[in-house]
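The values are calculated or read from the model by the stated rules, or taken from the named source; none is laboratory data. Treat the numbers as computed from the prediction; the structure is a model and nothing was measured. Cβ placement follows ideal geometry from the backbone for every residue including glycine, while neighbour counts extend to all protein chains displayed. All accessible areas refer to the heavy atoms of the entire protein, side chains included, with ligands and DNA or RNA removed. Shrake-Rupley method; radii C 1.70, N 1.55, O 1.52, S 1.80 Å.
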Amino acid sequence: MQTNLVLLITKQYFKKTFYSKGLFVLLSLFLILLTYITINSWSIFEKRHNSVVHHQKESRNSWESNPDKHPHRMAHFGSFVFRTQHPLSIFDSGIETYTGNSIFLEAHKQNTANFSEASLSTGLVRFGDLNVALLLQLILPLIIFFIGYASITSEKENGTLKIIYLQGATIKEILFGKALGLFLVAAVFFLPALISLWSISFLDSHTTNAEIITRTLIITLSYILFFIILCFVTVIISGKSKNSNKSLLRLLAIWLLFFIIIPKTAQVVGNTIYPNLSKIEFNEAIETEIAKQGDSHNPNDPYFNNIRDSILKANNVTSVKDLPFNYSGFLMSKGEEQTAKIFNKQHKKLIQTYKKQNSIANRLVLFNPYLAIKNVSMGFSGTDFYTYTNFLSQTEAYRYKQSQYMNHLQMKFISNNAKGSEGKINVVEKSYWKAIPQFSYHYLPVLDTIKHQLISLAALGLWLLLSVIIINYFSNHFKII
């Protein structure tokens with residue numbers, strides 16, 4: 001294959017397409033929309049970030065300003081914890097709109113995340129959040145198909161394909177030249193979007209570091225691969241079609257099938273095959289399990305009475321009042337341990353169900369590059385399912401540690417003769433509240449995200465390889481006449 005001929009065809013196709021009036025109008029509209037979305041998303045991110053920082057500070061002040069108090073009352077006082085959004089969520093908000101970013105933590109009870117944008121907005125937001133990634137994943141592919149559908153068929157219809165061939169260019173060189181030319185035209189659209197992505201990485205002052213640069217680099221390379229694949233597919237479909245109308249119809253059918261129908265169907269099929277428990281059913285399952293094993297708040301519960309008897313025997317005493325530590329605090333710590341195990345078990349089942357639901361779409365990434373780039377984009381923007389479940393895990397670990405800390409304070413400082421937790425007699429100094437470190441969410445390391453998105457990354461590579469093989473095979477069997 002002669003590189004100079006490929007580059008010549010590329011140059012001619014780019015000049016012919018780029019200087020058309022229709023493209024100028026389309027590009028202008030795209031850039032206006034991109035600018036608006038970027039500024040708007042950035043503004044929303046800054047407001048949310050400042051709001052989270054403000055409320056996190058307020059919650060911490062509220063916790064630390066509590067007076068001397070009984071530790072069990074303090075455990076039930078609880079606190080709100082928040083998750084700051086990843087800066088790259090400006091680029092791709094993923095499932096962030098539908099998941100909450102704050103949780104109320106208290107003893108004996110595991111709450112779910114609250115205050116998602118979808119739950120606080122009108123129903124329109126449920127149709128999808130408008131962000132830069134949406135433009136690149138859904139709108140730009142459609143633009144590429146519209147620009148490139150006649151890349152080969154127009155040459156056939158005008159009779160110029162035969163002339164180019166007779167002048168010495170092979171079909172392979174023509175196909176690769178057209179595909180590269182189409183990619184350069186597409187680059188005029190996606191490069192400003194990628195510049196917007198990199199500007200987020202460098203200009204956002206909250207968390208700029210090597211980690212965010214690595215994420216940005218992987219997202220950039222993945223999108224470039226995705227658009228190369230789309231350009232190859234467009235040229236192949238154009239080459240296989242008898243005329244431009246058929247080529248356009250085929251490409252539109254591909255867009256509908258791969259970008260709309262398959263993803264939505266996979267979601268519905270996943271939910272149907274693997275139904276998840278409702279919130280009421282989930283809470284009921286936990287309460288049923290606790291009732292079976294024992295309730296630490298019930299003074300006549302057989303399970304905890306057995307624990308009490310074994311503790312009395314181990315300490316050679318006959319009454320809990322003679323124990324060297326507060327028995328109620330000990331009982332609460334055992335109850336917390338038990339409920340945490342039950343919750344984690346049920347929560348793990350629920351997460352597994354969600355993973356099974358997602359597995360339908362995740363398997364399809366090998367057959368659908370749109371699903372692959374969608375997963376990669378969300379994953380490295382810190383707005384995917386794994387990031388959300390990681391937030392829930394970190395908050396539960398923090399809640400458990402905080403509750404057990406209060407139970408240990410009760411065991412250490414509260415007398416067994418104390419009756420109840422009310423009043424100002426049986427209390428612990430407020431300085432102990434400050435000893436608990438403030439919750440700070442840590443995003444998944446890049447290596448973990450790579451592991452989660454390995455199939456999607458591999459799928460993009462395989463699709464590129466497959467496109468090159470098909471274009472080679474197709475060029476060897478292409479009939480000009």
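Numbers for the structure displayed
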| read-out | value |
| --- | --- |
| Region 215-225 - phi-based ³J(HN,Hα) in whole Hz, Karplus 6.51/-1.76/1.60, Gly and Pro as x | 4, 5, 5, 5, 4, 4, 5, 5, 5, 4, 4 |
| Within the chain, helix-based [θ] at 222 nm, where runs of 4 or more DSSP H residues each add -39,500 (n - 2.57), nearest 500 | -22500 deg cm²/dmol |
| Protein accessible area in the chain, 1.4 Å probe - carbon and sulfur % | 63 |
| Accessible-area ranking of Ser328, Ser89, largest first, probe 1.4 Å | Ser328, Ser89 |
| Between helix 244-255 and the chain: long-axis angle, C-alpha atoms, 0 to 90°, nearest 10 | 10 |
| Listed residues Phe146, Gln438, Leu27: farthest to the positive end of the dipole of the chain (Cβ charges) | Phe146 |
| Exposure ranking of Arg308, Arg215 by accessible area [1.4 Å probe, largest first] | Arg308, Arg215 |
| Per-residue SASA entry for Asp448, accessible area with 1.4 Å probe, Å² rounded to 10 | 50 |
| Amide H within-cut-off set for Asp129, under 5 Å, with H built and near neighbours excluded | none |
| Nearest-10 value in Å² for the accessible area of Val188, using the 1.4 Å probe | 40 |
| Heavy atoms of Ser65: accessible area, 1.4 Å probe, square angstrom to 10 | 80 |
| Cα-based convex hull volume of region 61-108 per residue, rounded to whole Å³ | 86 |
| Alpha carbon Rg of region 401-471, scaled by the compact-globule rule 2.2 N^0.38 Å | 2.45 |
| Computed over the chain, Cα set: Rg, Dmax in Å | 30.0, 105 |
| Residues with amide H under 5 Å from that of Leu105, placed H, sequence gap 5 or more | Ser79, Phe80, Val81 |
| Radius of gyration and Dmax over the Cα atoms of region 335-374, both given in Å | 15.8, 49 |
| Karplus 3J(HN,Hα) series, Hz, for region 390-399 with 6.51 cos²θ - 1.76 cosθ + 1.60 (x for Gly, Pro) | 5, 4, 4, 5, 5, 5, 5, 4, 5, 4 |
| Under 20 Å from the Cα of Lys47 - lysines, other chains or at least 8 residues apart | Lys57 |
| Within-13-Å neighbourhood charge of Ser65 [Cβ basis; K, R +1; D, E -1] | +2 |
| If the convex hull is drawn through the Cα atoms of region 133-199, its volume per residue in Å³ | 84 |
| In region 318-406, lysine pairs with alpha-carbon atoms under 15 angstrom apart (chain gap of 8 or more, or interchain) | 4 |
| Residue order for Arg399, Arg48, Arg250 - accessible surface, 1.4 angstrom probe, largest first | Arg250, Arg48, Arg399 |
| Derived scalar couplings ³J(HN,Hα) [region 315-327; Karplus, 6.51 cos²θ - 1.76 cosθ + 1.60; whole Hz; x for Gly, Pro] | 9, 6, 10, 10, 9, 5, 5, 8, 5, x, 9, 6, 5 |
